[in-house]
Every structure is written in structure tokens, then in C-alpha cells.
1. Between F116 and D91, what length in nm is gained on full extension when 0.36 nm per residue of separation is reduced by their alpha carbon distance?
2. Only loop residues by DSSP count here, and only those with at most 11 other Cβ atoms within 10 Å; note down the chymotrypsin sites (Phe, Trp or Tyr not before Pro) in the stretch 60-116 that meet that.
3. What per residue convex hull volume, in Å³, comes out for the stretch 51-124 when only alpha-carbon positions are used?
4. Averaging over all projection directions, find the projected area of the Cα convex hull of the chain and quote it in nm² with one decimal place.
5. Give me the extension gain from Y19 to I41: residue separation times 0.36 nm, minus the current Cα-Cα distance, reported in nm with one decimal.
6. Simple spin-label model, 7 Å along Cα-to-Cβ: K73 to T31 in nm?
7. State which helices in the chain qualify, where a helix is a whole DSSP H run, it must extend 27 Å or more along its own axis by its Cα atoms, and its mean Kyte-Doolittle hydropathy must be at least 0.0.
8. Restricting attention to the stretch 23-124, which trypsin sites (Lys or Arg not before Pro) occupy a DSSP loop and are surrounded by at most 14 other Cβ atoms within 10 Å?
Amino acid sequence: MNSSIKKIILFVAVLILSYLTAPYVGRWYDTLSFQHGDWIIGRNQAVFFAGFIISYIFFLPLIYGLFGIKRNKHWITWPLLPAALLVLGSDKYHFYIPVLLILVALGLAWVSRLIFKKFKKPEV
């Protein structure tokens with residue numbers, strides 16, 4: 001499979017996982033930082049959007065790190081940058097959450113790749 005197609009499929013998988021976990025992560029993030037609705041969107045949509053962004057920040061480095069997108073760091077950095085800046089710009093008191101989620105996701109990906117490599121059967 002072409003490398004670019006693999007990366008695009010992984011990106012779509014990240015978007016789907018972020019969409020599916022957004023309500024749960026949004027409720028958790030709402031306990032830390034209250035999400036306000038306004039006349040355009042309601043409070044529930046604001047919680048969902050915050051959960052989507054936080055899940056996206058977690059799943060992007062996890063999935064790309066898990067499936068070996070190492071040499072091309074720009075496939076992680078460029079899609080992650082706008083979401084991280086959005087969270088940092090909107091909630092300056094909880095700036096550590098995206099940074100911590102990125103580090104945890106990269107650490108989980110590294111540990112799981114190490115475990116898979118250790119238990120991989122040698123090819124004959």
C-alpha cells in the first residue's frame with residue numbers, strides 16, 4: 001500500500017475515533033473547564049466540540065506512533081498544531097492538558113510498539 005494512502009487512512013481513523021469518543025471526553029473536560037454555549041451553539045455542542053478536539057489531540061500521535069509514522073514527523077505535527085493552538089488559545093489556564101495528552105499518547109505508542117516487537121515471531 002502506498003505510504004501516503006496509509007497515512008490518509010490513519011487520519012480518517014483518527015477522525016472517526018475522535019468523533020466516537022467526543023461526548024465522553026467532552027464531559028470529562030467540562031468538569032475541568034466549564035464549556036459555555038452562546039446564541040450560535042448550545043452548551044451540549046460546545047462540550048462535544050471540546051471533547052472532539054481533546055480526543056483528536058490524543059488519538060493523532062497515538063495512532064500515527066502505533067503504526068510507525070516516525071520518519072515523517074510532519075504528518076503528526078501539522079495536523080496537530082491547529083488543534084493544540086485552539087485549545088491553548090481558548091483555555092489558557094489548562095495549557096498542560098494537550099501537552100500531557102500528546103506525551104502520554106506518544107509514550108503509549110512507543111511502549112506498545114516495543115511490546116509488539118518483542119513478541120513478534122521471527123520470520124523463517
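1. 5.3 nm
2. In loop regions of the stretch 60-116 (DSSP not H, G, I, E or B), there are no sparsely surrounded chymotrypsin sites (Phe, Trp or Tyr not before Pro).
3. 84 Å³
4. 9.1 nm²
5. 6.2 nm
6. Roughly 3.5 nm, to one decimal.
7. Long hydrophobic helices here: 3-32, 43-66, 96-118.
8. Hits after loop and neighbour filter: K70, R71, K73, K120.
Rule-based calculations on the coordinates, nothing more; no lab input. It should be emphasised that the depicted structure is a prediction, and the values quoted were computed from it without experimental measurement. For neighbour counting, all protein chains shown are included, and Cβ atoms are generated from backbone atoms with ideal geometry for every residue, glycine included.
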